[in-house]
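Encoded as structure tokens, the structure appears first; notes follow it.
What follows is calculated from the coordinates using simple rules that are stated; it is not laboratory data. Everything numeric in this text was worked out from a predicted model, so none of it was measured. So basically every Cβ, Gly included, is an ideal-geometry build from the backbone, and we count neighbours across all protein chains shown.
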Amino acid sequence: MFVSCGADWGDVVSVDDERGGRLGTTHLIESGHRRVAYLSIPELEDQSDRARWEGYCEALSDAGLGAPMRISWSPPADQAVIDGLDRPLLEVFTGPERATAVFASNDVAAIALQEFADRVGYRVPEDISIVASTTCRWRSRPHRFDDRGAASRRARRLGIAGIATASSEGQRASTDHFGEREPRDPPFDRPTRGGPVLTALPAGGT
């Protein structure tokens, strides 16, 4: 049995990534943004990335907005692949058609984008609004993404919204459910997926 893994080949407890992408993007649209970009980095599992991207695209389509914008970026580079073309990342956030909001595929991407914004003199959320999909325990420790070193220290100052992908309580309930099965029982027909929750991360101290 696997927790927080998106797959159809065994007993899996995971989040509904497509719904999470749709929920986060819809939040940005309802906040008034009309040009929302999708940001992914190489560290994200391909299947989760695809599902979140599909949810993002569905939200744009439902709102009657323009074509999606996909950013594939390896931080801290100044260049990124934007809709299949190698371009300066800053171009996404400049000009009349600039993106004013970003759905980040995970919290690492959100932190990296915040640091990029710092470097180029942009403010979050005043100049760029960010929603991130995250597996971190935001509600129990609201000023941290995690408890490990530099990434945690950098994240304390962020003021972004996030899609909490799995609570420890939900994971425990699902694993208890799977644990009632005999080891040789056939796998379930599909993974057990929990519903994502939109939550805010208040800005903390430096």
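What the table below lists for this structure:
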| item | result |
| --- | --- |
| Amide H within-cut-off set for Ser129, under 5 Å, with H built and near neighbours excluded | Ala101, Val102 |
| Whole-Hz couplings from phi, Karplus 6.51/-1.76/1.60, listed for the range 72-87; x for Gly and Pro | 10, 9, 10, x, x, 4, 7, 9, 8, 8, 10, 6, x, 10, 6, 9 |
| Length added when fully stretched, Glu30-Asp127, from 0.36 nm per residue minus Cα-Cα | 33.2 nm |
| Residue-count net charge about Leu65 - beta-carbon cut-off 11 Å; Lys, Arg +1, Asp, Glu -1 | +1 |
| Net charge of neighbours whose Cβ lies under 13 Å from the Cβ of Thr100, counting Lys and Arg as +1 and Asp and Glu as -1 | +1 |
